[in-house]
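Worksheet: one structure, shown below.
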Amino acid sequence: MYDVLNIRADHSASSKLLGPIPANAKFKVTKADGKWAHVEYNGISGCVSMEYIQKVATQTTAPQGFGRRLYARAKRLPRIS
């Protein structure tokens, strides 16, 4: 099983690796385009593939001008041999 979700610098699996999100960890999604999400986790801001995340909550009481915040968690996926 994969134990981490990689946070990337851009919308590409080959872009610079900024850090990991452990499986099942909750993190903030600031925007998304259907394939990639911009996230914040432990002081790291970057991009993750939406294929590997699951929505857990939406905050609708964000400060004025900031819109809604989505919270997600990293899925735990089987390792491909």
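Within segment 41-50, being out of contact with any Lys or Arg (no Cβ under 6 Å at 6 or more places or on another chain) and over 16 Å from K75 (Cα atoms) holds for N42, G43, I44, S45. A Cβ distance below 7 Å, combined with a sequence gap of six or more or placement on separate chains, defines the contacts here; from segment 34-55, residues that are in a helix (DSSP H, G or I) reach no residue that is of a type in the set (F, W, Y) and modelled with pLDDT under 90. Filtered by the rule that a residue be farther than 12 Å from H11 by Cα and more than 8 Å from the chain's Cα centre (by Cα), segment 22-40 gives P22, A23, N24, A25, K26, T30, K31. When segment 1-40 is limited to residues that are surrounded by 15 or more Cβ atoms within 10 Å (Cβ to Cβ) and of a type in the set (K, R), the one that is farthest from K75 (Cα to Cα) turns out to be R8. With the requirement that a residue be farther than 17 Å from Q54 by Cβ and in a strand (DSSP E or B), what does segment 1-19 give you? Those that are farther than 17 Å from Q54 by Cβ and in a strand (DSSP E or B): R8, L17, L18, G19.
In segment 20-33, what residues are part of a loop (DSSP other than H, G, I, E, B) and free of Cβ contacts under 8 Å to residues at least 40 places away in the same chain? Within segment 20-33, just D33 meets the criteria.
The values are calculated or read from the model by the stated rules, or taken from the named source; none is laboratory data. Since the structure is predicted, the reported quantities are computational estimates derived from the model, not experimental observations. Cβ sites come from the backbone with ideal geometry, for glycine too, and all protein chains shown count toward neighbours.
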